[in-house]
1. Considering only Leu120, Leu197, Leu212, give the residue with the highest GNM mean-square fluctuation for the chain, with springs between Cα atoms whenever their separation is below 10 Å.
2. Heavy-atom accessible area per residue, the chain, 1.4 Å probe: how many Å²?
3. Need the C-alpha centroid separation for segment 95-133 versus segment 170-195, integer Å.
4. HN-Hα J couplings of segment 225-238 from phi, Karplus 6.51/-1.76/1.60, θ = phi - 60°, integer Hz, Gly and Pro as x?
5. Compute the distance in nm between two label points, each set 7 Å from the Cα along the Cα-to-Cβ direction, one at Val122 and one at Ile25.
6. Would you mind calculating the gained length between Ser175 and Thr107 on full extension (0.36 nm times residue separation, minus the Cα-Cα distance), in nm to one decimal?
7. Just subtract the alpha-carbon distance of Leu72 and Ala160 from 0.36 nm times their residue separation and send over the number in nm, one decimal.
8. Can you tell me which of Leu13, Leu184, Leu234 moves the most in a GNM of the chain? Springs connect C-alpha atoms under 10 Å apart.
Amino acid sequence: MGQLLLRGMLAGLFAALLAFGFAKIVGEPQVDRAIAFEEAHVAAEQQARAASGATAEAEEPELVSREVQAGLGLLTGIAVFGTALGGLFALAFAFASGRLLKFPPRTTAIVIAAVGFLALYVVPYLKYPANPPAVGADDTIGYRTQLYFTMMVFSAAALAVAVALGRVLSSNLGSWNATIAGVLAYIVLVTIAGYALPTLNEVPNDFPADLLWKFRTASFAIQGILWATIGLALGAMVDRNQTRTAY
């Protein structure tokens, strides 16, 4: 188990390096554009205040430079997240392999990656997509984060219910029909959760639509790279270890 956990963390770190490269090349230019948009709005507001005779608000000191945020800070954040995700993925692999999924290691890892990506990222993302800087009020950050994680918890719980339902029904309906029933149950539960949770839309009317689309696409792709790479890498490592043990 310890070796599997280590392999998962290594796979997560490798995935994080790939995701960092993509984020640096594709994602960060969109962040820079969003920051420039925000700074232009702040400058316009300050000019309006000055013209009306009001006192301009003092700028808050920059605790971390933009250069550090886009470089070392981004690498550190993705590396920590990717390594932790890889470790959790290894635990999920150990639990599902042979119990829920009776496939070869590579196939098992790919299935877990696909299901995890869907339940823990895609579904919450559809309800609360990622927003670049300049989108959303500062005083609602905590509330928006809470809603996002609430949707994630609902999705994970719905997945657990769907898996349990599929296992219960498999003896009477067969594996295929039981799987369909579990999928339908998951869809119904997350749909209910999606309608029950409040909808937030804090995108300014004049915010560039192409920038919003590119930022959200980049965020989606970064997570996809993480999940796909961890699944492929861990599956390959486990399969290679089992082949060596067999010989």
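The values are calculated or read from the model by the stated rules, or taken from the named source; none is laboratory data. It should be emphasised that the depicted structure is a prediction, and the values quoted were computed from it without experimental measurement. Glycine also receives a Cβ, built like all others from the backbone with ideal geometry; neighbour counts cover every protein chain displayed. Calculation scope for accessible area: heavy atoms of the full protein, side chains included, ligands and nucleic acids excluded. Shrake-Rupley method; radii C 1.70, N 1.55, O 1.52, S 1.80 Å.
1. Leu197
2. Working: 14730 Å² over 247 residues.
Per-residue value: 60 Å².
3. 16
4. 4, 4, 5, 5, 5, 4, x, 5, 5, 5, x, 5, 5, 5
5. Label-label distance for Val122 and Ile25, simple model: 2.5 nm.
6. On the way: separation 68, 0.36 × 68 = 24.48 nm, distance 1.73 nm.
Separation in residues times 0.36 nm, less the Cα-Cα distance, equals 22.7 nm.
7. Roughly 28.0 nm would be gained on extension.
8. Per the Cα network of the chain with a 10 Å cutoff, Leu184 tops the list.
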